[in-house]
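Engineer: What follows is a single structure, and I will ask about it in a moment.
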Amino acid sequence: SQTIHQWPATLVQPVGSPLSLECTVEGTSNPNLYWYRQAAGRGLQLLFYSVGIGQISSEVPQNLSASRPQDRQFILSSKKLLLSDSGFYLCAWSVLFPVNTEAFFGQGTRLTVV
Amino acid sequence: QKEVEQDPGPLSVPEGAIVSLNCTYSNSAFQYFMWYRQYSRKGPELLMYTYSSGNKEDGRFTAQVDKSSKYISLFIRDSQPSDSATYLCAMSYNSGGYQKVTFGTGTKLQVIP
């Protein structure tokens, strides 16, 4: 069965520090991978998606970047965190139509920038 | 106008009540419609998905899609305290070989014992 791992679960970082969140998927090949941010009252905001190794698309200009060094690994990074980067970050994967169209989510990382 | 609009709630109902959760959308390209349940401090988990107008039932849950009105609903029968969570609607379409998914902001539901 497919599983998705995301870590860490919680993170407190000072303003200006770097960030690296990692997500790995098991049990599937060539998944579409996504990074979402969920802020209170704003729902899930898509930050980045990837359809393959080294292929990253950004949905919203951010102080963040993403990389996909391996087929089932997706990394969210920042060189210098801002207070506004605080939020709940979720990694997700999906496969192409027609078999599965839903996205499966990791457990999330709650980031607090102080 | 947001592509997907969802009543934010919160919604508080007594145990055993029928719950109706709703979303509207503006993009007629959406083909797939999903409902996710998210418990506090957890990632969302898929409850139901459908790709056609009409009703789809799974136990106490019924998903309804009306493409002509661009309206989807999730009904929960005999609601239980364990149903207390935030419910997110989501919709997607195939864009260049990739499923572009848009989520609603979520409706927080509390079922009172």
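Since every read-out is calculated from the coordinates, none of them should be taken as a lab result. The structure displayed is predicted, hence computed values, not measured ones. Cβ placement follows ideal geometry from the backbone for every residue including glycine, while neighbour counts extend to all protein chains displayed.
Engineer: Can I get the semi-axes of the protein assembly as shown's equivalent ellipsoid? Compute them from the C-alpha gyration tensor as square roots of 5 times the eigenvalues, in angstrom, largest first.
Structural biologist: With the √(5λ) rule applied to the protein assembly as shown, the semi-axes are 29, 21, 16 Å.
Engineer: Next question. Taking every residue in A:103-110, how many Cβ atoms of other protein chains lie within 10 Å of its Cβ, on average?
Structural biologist: 4
Engineer: What's log10 of I(q)/I(0) for segment A:1-44 at q = 0.26 Å⁻¹, Debye sum over Cα points only, no solvent?
Structural biologist: The Debye formula, applied to the Cα set alone, gives -1.10.
Engineer: Considering only lysines 8 or more places apart in sequence, or on different chains, count the pairs in the protein assembly as shown whose C-alpha atoms sit under 21 Å apart.
Structural biologist: Step by step, the pairs that qualify in the protein assembly as shown add up to 9.
Engineer: Would you mind computing the Rg to Rh ratio of chain B from its alpha-carbon coordinates, Kirkwood style for Rh?
Structural biologist: Using only Cα positions, Rg/Rh for chain B is 0.97.
Engineer: Test of understanding: what is the full-extension gain from A:VAL114 to A:ALA40, defined as 0.36 nm times their sequence separation minus their Cα-Cα distance?
Structural biologist: Taking A:VAL114 through A:ALA40 to full extension adds about 24.9 nm, to one decimal.
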